[in-house]
Amino acid sequence: AIASSGYPCYRNILQALGCELANINVNNEFKLTATELRKQIEERKLNNDKPIKGLILSSPSNPTGAMLSPNELKGLCELCDDEGITFLSDEIYHGISYGKEEATALRYSSNAIVINSFSKYYSSKCRKIVILLYFRIFCSLLTFPQFT
């Protein structure tokens with residue numbers, strides 16, 4: 001699953017890897033929190049749709065800049081753990097928070113997978129090295145036949 005307003009490449013990379021995408025609407029603050037995810041989970045159950053197996057989300061978000069509070073992140077991690085959803089937390093923009101309190105998903109879940117880098121925080125020219133590898137690992141955790 002991905003946020004309706006999020007990093008555009010997530011959609012393309014996941015589709016290229018054969019993942020079925022669930023698009024989850026963000027709230028009025030451009031955030032995808034446990035409330036929005038829970039609503040999507042319940043709707044999928046009512047409609048007999050496939051359950052969500054994974055969620056990728058960046059906080060602070062690209063392109064909106066919306067950032068989950070530590071409590072919102074904790075709630076999202078707990079819901080993912082309770083529902084068996086693999087949470088891939090893109091924390092590339094950590095450190096660029098303009099005074100807001102930030103937290104890592106690893107603080108709240110030992111099941112979360114975190115992507116981070118030095119490129120944004122230190123204004124280096126490094127690329128998101130191994131991002132494709134992370135997505136392959138993420139998809140393999142979701143037990144897609146082409147990755148097992």
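The values are calculated or read from the model by the stated rules, or taken from the named source; none is laboratory data. Keep in mind that this is a model prediction, so the values were computed, not measured. Just so you know, the surface numbers come from the protein's heavy atoms only, side chains and all, with ligands and any DNA or RNA stripped out. Shrake-Rupley method; radii C 1.70, N 1.55, O 1.52, S 1.80 Å.
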- Note on the structure: By accessible area (1.4 Å), largest first, Glu72, Glu29 order as Glu29, Glu72
- Heavy-atom accessible surface of the stretch 39-93: percent carbon and sulfur, 1.4 Å: 44
- Solvent-accessible area of Tyr108 with every protein chain in place, 1.4 Å probe, in Å² to the nearest 10: 60
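Counting heavy atoms of the protein chains only and a 1.4 Å probe, report the per residue accessible area for the stretch 1-75 as a whole number of Å². Kindly include the intermediate steps, with their values, before the conclusion.
Values: 4000 Å² over 75 residues.
Accessible area per residue, the stretch 1-75: 53 Å².
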- Partner aspartates and glutamates for Lys50 [C-alpha distance under 12 Å; skip if fewer than 8 residues away on the same chain]: Glu20, Glu42
